[in-house]
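Engineer: Pasting a structure here, questions to come.
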Amino acid sequence: MFIRRGKSLYAEGVAVSTLAENLGTPLYVYSESQLLKNYRAYETGFARLPHLVCFALKANSNLAVARTFAREGAGADIVSGGELYRALLAGFSPAKIVFSGVGKTREEMKFALNKGIYCFNVESVEELQALNQTAGNLKKKAPVALRVNPDVQADTHHHITTGTKENKFGIPKSQILDAYETARKLKNINLIGIQAHIGSQITSVAPFERFLNVMLDLVDQLSARGIYLDHLDMGGGLGITYHKETPPTPADLARAFEPRLKGRALKLLFEPGRFLVGNAGILVTQVLYRKRTGHKTFVVVDAGMNDLARPALYDAYHEIVPVSKNGSVRETVDVVGPVCESGDYFAKARHMPYPEQGDYLAIQSAGAYGFAMSSQYNSRPRAAEVMVSGKAWRVVRKRESLEDLIRGEK
Ligand SMILES: *Cc1c(COP(=O)(O)O)cnc(C)c1O
């Protein structure tokens, strides 16, 4: 939905330069049609299997983005009380909310129990006991899936794998059956599922197949013990194209899953984040200065690592394109931000059209873990966010002011 018409980059029916001129930069631009297209790819891909797609709010927790999915009937995957608050405001039905995370507080559990969420994804036996007590105090039963660490390699960046035995997530496969036995004895726990999430930005089907095999094996071992589950939650993790990756589609996954799930009464849950929002957002920034040091050429832009941390955090690649194609000279440059850190860059040694001072650049595939990970580091007010729908656009988060920087300080 971000396409070039002539020299100009468009977000659906709106010229990106118009948005930048009206709203200033740095600016996150989202395409509503792309959000819907991504969600519907899951819905149609898995149409033949009973399923629920729960948007992982942590990838992009803007209310308008979340509401787009809530309106389609999606569920939500949350990892904090704050995300529960957002999910409810965005209009998700509590009956479609799952609560993940290794460190839920009793306060957060209470909030979620009182709202009647669909499921807690519990990550340790101590957490299970805390949840049992908290539910008991409220005279409620907590619906639970235990999160297993399936020890499956996700073939992705080591900072974003979560399903190997090195990681803090979940209950080790070797202990999971005992954990279910413990859980079934707890009065205020209602066992309804099993969950795992093996990592993020996974770009082939194979890790998901290995993962499904491990999970179905566990489901069978549990039913042999008389523990029958309603659902199997396969987490998120489906990758997108940042550079030259060719990730599978949800339909590709479904094709691999269908034969293995035949004849089972299990409902599948998914918790996609990046896949739903990643390619539906760009970060627009303006070139402030260029400088040649003799060794390198730097393009200094007005967005920084506080706006988009992925390159600094994961050495992530983001395509950078001119918003308006002017000259045709190409150069090898580093695109860097104004923050006082060497890690504050968006591209290194990138061969790209050499921009003029004042040109706008679009950093692509920035819809996931972009604004959501932003900070005010260096006392930089956070960027504005705008949603485009056809020829219409609306600001869905206004640019922060200087007063916003000091709110609550004394
Ligand atoms: C981060 C996370 C997700 C979403 O991951 P994506 O790679 O963005 O799809 C889903 N579930 C859990 C438990 C997570 O931690």
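The values are calculated or read from the model by the stated rules, or taken from the named source; none is laboratory data. As the structure is a computational prediction, the values presented were derived from the model and not from experiment. Quick reminder, even Gly has a Cβ in these numbers, built from the backbone with ideal geometry, and neighbours come from all protein chains shown. The accessibility values were calculated without ligands, DNA or RNA, using every heavy atom of the protein model including side chains. Shrake-Rupley method; radii C 1.70, N 1.55, O 1.52, S 1.80 Å.
Engineer: Scan the stretch 55-77 and tell me whether some residue there is open to solvent by less than 10 Å² (accessible area, probe 1.4 Å), without any contact (Cβ under 8 Å) to a residue 40 or more places away in the chain, farther than 22 Å from Gly390 by Cβ and not polar (S, T, N, Q).
Structural biologist: There is at least one residue in the stretch 55-77 that is open to solvent by less than 10 Å² (accessible area, probe 1.4 Å), without any contact (Cβ under 8 Å) to a residue 40 or more places away in the chain, farther than 22 Å from Gly390 by Cβ and not polar (S, T, N, Q).
Engineer: Test each condition in (1) under 17 Å from Ser365 (Cα atoms); (2) at pLDDT 95 or above; (3) open to solvent by 30 Å² or more (accessible area, probe 1.4 Å) for Pro26 and report the one that comes out false.
Structural biologist: For Pro26, the failing item is (3).
Engineer: So for the stretch 357-371 (the condition being among the small types (Gly, Ala, Ser) and farther than 27 Å from Gly236 by Cβ), does at least one residue qualify?
Structural biologist: The first filter runs over the stretch 357-371 and keeps only residues among the small types (Gly, Ala, Ser), leaving 358, 362, 365-368, 370.
Going one step further and asking which of them are farther than 27 Å from Gly236 by Cβ, we end up with 358.
Yes; the residues of the stretch 357-371 include at least one that is among the small types (Gly, Ala, Ser) and farther than 27 Å from Gly236 by Cβ.
Engineer: I need the full set of residues from the stretch 29-50 which are surrounded by fewer than 21 Cβ atoms within 10 Å (Cβ to Cβ) and in contact with a Phe, Trp or Tyr (Cβ under 9 Å, 6 or more places away or on another chain), in order please.
Structural biologist: Result: Leu36, Ala41, Phe46, Leu49.
Engineer: Sticking with this structure for a sec: Pairs please, first residue from the stretch 312-326 and of a type in the set (Asp, Glu), second anywhere and surrounded by 16 or more Cβ atoms within 10 Å (Cβ to Cβ), Cβ atoms under 6 Å, 6+ apart in sequence or on different chains.
Structural biologist: Close Cβ pairs (under 6 Å, with a partner that is surrounded by 16 or more Cβ atoms within 10 Å (Cβ to Cβ)) amount to Glu319/Gln364.
Engineer: Please go through the stretch 89-103 and pick out each residue that is open to solvent by less than 20 Å² (accessible area, probe 1.4 Å) and not aromatic (Phe, Trp, Tyr). Steps first, answer last, please.
Structural biologist: So in the stretch 89-103, the residues open to solvent by less than 20 Å² (accessible area, probe 1.4 Å) come out as 90, 92, 97-101.
Of everything in the stretch 89-103, those that are open to solvent by less than 20 Å² (accessible area, probe 1.4 Å) and not aromatic (Phe, Trp, Tyr) turn out to be Ala90, Ile97, Val98, Ser100, Gly101.
Engineer: Please go through the stretch 240-299 and give me each residue that is under 22 Å from Met352 (Cβ atoms) and within 16 Å of the ligand (Cβ to nearest atom), ordered by number.
Structural biologist: Result: Ile240, Thr241, Tyr242, Glu245, Gly278, Asn279, Gly281.
Engineer: Checking Asp220 against (1) part of a helix (DSSP H, G or I); (2) within 16 Å of the ligand (Cβ to nearest atom); (3) of a type outside the set (Lys, Arg); (4) open to solvent by 40 Å² or more (accessible area, probe 1.4 Å), only one condition comes out false. Which one?
Structural biologist: (2)
Engineer: If the Cβ limit is 8 Å and pairs must be 6+ apart or interchain, which residue in the stretch 10-27 that is touching a residue at least 40 places away in the same chain (Cβ under 8 Å) and more than 12 Å from Val386 (Cα to Cα) pairs with which residue that is buried (at least 18 other Cβ atoms within 10 Å of the Cβ) and charged (D, E, K, R)?
Structural biologist: As it stands, the answer is Glu12/Glu32, since those pairs meet every condition given.
Engineer: Now for a separate question. Going residue by residue through the stretch 177-190, is there one that turns out to be within 13 Å of the ligand (Cβ to nearest atom), open to solvent by 30 Å² or more (accessible area, probe 1.4 Å) and either in a loop (DSSP other than H, G, I, E, B) or farther than 18 Å from Glu123 by Cα (or both)? I'd like the intermediate steps shown before the answer.
Structural biologist: Just the residues of the stretch 177-190 that are within 13 Å of the ligand (Cβ to nearest atom), to begin with: none.
Scanning the stretch 177-190, I find no residue that is within 13 Å of the ligand (Cβ to nearest atom), open to solvent by 30 Å² or more (accessible area, probe 1.4 Å) and either in a loop (DSSP other than H, G, I, E, B) or farther than 18 Å from Glu123 by Cα (or both), so the answer is no.
Engineer: Taking strands (runs of 3 or more DSSP E) that fall entirely within the stretch 272-325, which contain at least 3 residues that are surrounded by fewer than 19 Cβ atoms within 10 Å (Cβ to Cβ)? So that I can check it myself, show each step before the final result.
Structural biologist: Details: elements: 281-292, 297-301, 320-322.
Once the strands (runs of 3 or more DSSP E) in the stretch 272-325 are filtered for at least 3 residues that are surrounded by fewer than 19 Cβ atoms within 10 Å (Cβ to Cβ), what remains is 281-292, 297-301.
Engineer: Next up: Hey, could you check the stretch 139-172 for residues that are modelled with pLDDT of 95 or more and basic (Lys, Arg) and say which is farthest from the ligand (Cβ to nearest atom)?
Structural biologist: For the stretch 139-172, the residue satisfying everything is Lys139.
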